[in-house]
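The values are calculated or read from the model by the stated rules, or taken from the named source; none is laboratory data. In this text the structure is predicted, and so the values were computed from the model without any measurement. FYI the Cβ positions are ideal-geometry reconstructions off the backbone, even for glycines, and counts take in every protein chain you see. Areas reflect the complete protein model, heavy atoms only, side chains present, ligands, DNA and RNA absent. Shrake-Rupley method; radii C 1.70, N 1.55, O 1.52, S 1.80 Å.
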Amino acid sequence: MRLIPRLLLIAAFSLALLGVPGHAAGDPGAPLFPLRPDSHWVYIHDNGFLEDVFVAGPRKGGPGFRVLGYFSPFDPPRTLRSTGQDTVVQILPDGREALYYMLDAPVGTSWVMDVPGATCVDESTITVGARNLTLTVPAGTFQGVVRLDYRTRCFDAGYTAEWFAPGIGLIQRTRLSFFGAVTKRLQRVVNVPGVE
């Protein structure tokens, strides 16, 4: 009898680790960049390479959450926080806040992204390109998607666009490389509010 409860526990734990493909619950008021401890996003690149992003937990001694692997698998941990519904900043080691996203801004609004240490991302000009899009990625079909368009300082590298879904966050990112455009798409999520 003891074996069956253990097997059920192992099965439940395995499903939690693997994630369950899903889609946003459809709440248009949900944040486009949710920060919740232990959230985990898995992306698949055009070439089949998998990439993970984690929210490791709240920052000790202040606001914000530690996010691992946001710009690349080699990206150092960054402390991010939402200053409003969908404005996201990084808290730098000296306590200053560096602007990442204004996801609630109207279409056509532009700003300069401040990401110290992220070559070809730092000082990119970002413009809200579109709202209320529907986009299908391996994790599902998402509605109410916002697209951000990038203009980078790098000639042959850097992001060109990102798509964010309510309650989920980043669901697709396209960047330039020496070999042309490369896209990563959300494959699954774990412990993100609004996911079935």
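Overall, the ratio between the Cα radius of gyration of the range 69-129 and 2.2 N^0.38 Å, rounded to two decimals, is 1.12. Net charge in the neighbourhood of residue 150 (other residues with Cβ under 12 Å of its Cβ; Lys, Arg +1, Asp, Glu -1) is +1. Charge tally around residue 51: other residues with Cβ under 13 Å, Lys/Arg +1 each, Asp/Glu -1 each, net +2. For the range 72-124, applying the loop criterion from DSSP together with a ceiling of 14 other beta carbons within 10 Å to the trypsin sites (Lys or Arg not before Pro) yields 96. When only the Cβ of Lys, Arg, Asp and Glu is charged (+1, +1, -1, -1), the dipole of the range 92-188 relative to its Cα centre reaches about 440 debye. For the pair residue 27 and residue 141 in one chain, pulling the backbone fully straight at 0.36 nm per residue adds 39.7 nm over the alpha carbon distance.
Protein heavy-atom surface of the range 101-187, 1.4 angstrom probe: 54% of the accessible area is carbon and sulfur, with nucleic acids and ligands not counted.
Taking 0.36 nm per residue of sequence separation and subtracting the Cα-Cα distance, how much length would be gained by fully extending the chain between residue 83 and residue 49, in nm to one decimal?
Stretched out fully, the residue 83 to residue 49 stretch lengthens by 9.0 nm.
Accessible surface calculations at 1.4 Å, restricted to protein heavy atoms, place the range 90-150 at 44 Å² per residue. Note on the range 100-182: Rg/Rh from C-alpha atoms, Kirkwood Rh, equals 0.97.
Think of each Lys and Arg Cβ as +1 and each Asp and Glu Cβ as -1; about the Cα centre, that makes the dipole of the range 29-137 roughly 380 debye.
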